[in-house]
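Novice: Mind having a look at this structure? Questions to follow.
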Amino acid sequence: MKDIDDAEGLSVNEQLSSSTDTNRVEFTVTGSDNGQTYIGIFNDGTDINMHTGVGTFMLDNLRIEKLDATPPVSTISDLKKLVEEFEETGDISSEEVAHALKLHLAALEQFERIGDNKKVVKHLNGFKDLLIHRKALEHISENAYEILSNSADTLIDKLD
């Protein structure tokens, strides 16, 4: 995941040499689950000269779009990587919970390797039950639950 310091095109607090300089900046903002996300844009505090434009800030062609945050998952290994990422970010509350999920997925990897899709689908549904249980106990964030559950559904649809 990118940090604002990784914005492409302009570094944080970079000053342009004159009011005629332009630059393109591109970054992704991951909003809050409650929908209340604010982005602050400010100038350097200079007085605005309405004749020359010095000190003004112009925001043009702003595009805001909602992106599908679900990463593509095509194997059990991809699902396992997601669990590891959520463990690192704290979306899975403890090593114990992450270990239980990864252990379940390790068994699924064995069925996937031998091509037993019927057992993979059956145990993916069991994985989803485990997610429901852990979410109810607040061991998994809403975001992690949604992404892991949707990813499991993607694999089930692929294998069914």
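Read-outs: derived from the displayed coordinates by stated rules, not from any lab. Just so you know, these numbers come straight off a predicted model, no measurement behind them. Note that each Cβ is placed from the backbone with ideal geometry, even for glycine, and that neighbours are counted across all protein chains shown.
Novice: In units of 2.2 N^0.38 Å, what is the alpha-carbon radius of gyration of the range 76-159?
Specialist: The reported ratio for this selection is 1.00.
Novice: Calculated FRET efficiency, K118 and E95, Cβ-Cβ r, R0 30 Å, to nearest 0.05?
Specialist: 0.40
Novice: Taking 0.36 nm per residue of separation and subtracting the Cα-Cα distance, what length does fully extending Q36 through S74 add?
Specialist: 10.4 nm
Novice: A further question on this structure: For D157 and E85 in the same chain, what is the full-extension length gain: residue separation times 0.36 nm, less their Cα-Cα distance, in nm?
Specialist: Full-extension gain reported as 23.6 nm.
Novice: What full-extension length gain, to one decimal in nm, is calculated for Q110 and A136 as 0.36 nm per residue of separation minus the Cα-Cα distance?
Specialist: Working it through step by step, the gained length comes to 6.5 nm.
Novice: While we're on this one: Charges only on Cβ, +1 for Lys and Arg, -1 for Asp and Glu: so what's the dipole of the range 76-159 about the Cα centre, in debye to the nearest 20?
Specialist: It comes to approximately 500 debye.
Novice: How would you rank V73, V29, going from fewest to most other Cβ atoms within 10 Å of each one's own Cβ?
Specialist: V29, V73
Novice: Separate question: Please list, in order along the range 115-126, the HN-Hα scalar couplings obtained from phi with the Karplus expression 6.51 cos²θ - 1.76 cosθ + 1.60 (θ = phi - 60°), rounded to whole Hz, x for Gly and Pro.
Specialist: x, 8, 4, 4, 6, 4, 4, 4, 7, 5, 5, x
Novice: Let me ask something else. Using θ = phi - 60° and the Karplus curve 6.51 cos²θ - 1.76 cosθ + 1.60, what whole-Hz ³J(HN,Hα) does each residue of the range 87-102 get, with Gly and Pro shown as x?
Specialist: So the Karplus estimates, Gly and Pro as x, are 5, 5, 7, x, 6, 10, 5, 8, 4, 4, 5, 4, 4, 4, 5, 5 Hz.
Novice: Net charge near H123, counting Lys/Arg +1 and Asp/Glu -1 over other residues with Cβ under 12 Å of its Cβ?
Specialist: That works out to 0.
Novice: With θ taken as phi - 60° and the coefficients 6.51, -1.76 and 1.60, list the Karplus ³J(HN,Hα) couplings across the range 145-154 in order, rounded to whole Hz; mark glycine and proline as x.
Specialist: 3J(HN,Hα) across the range 145-154, in whole Hz: 4, 4, 5, 5, 5, 5, 5, 4, 4, 4.
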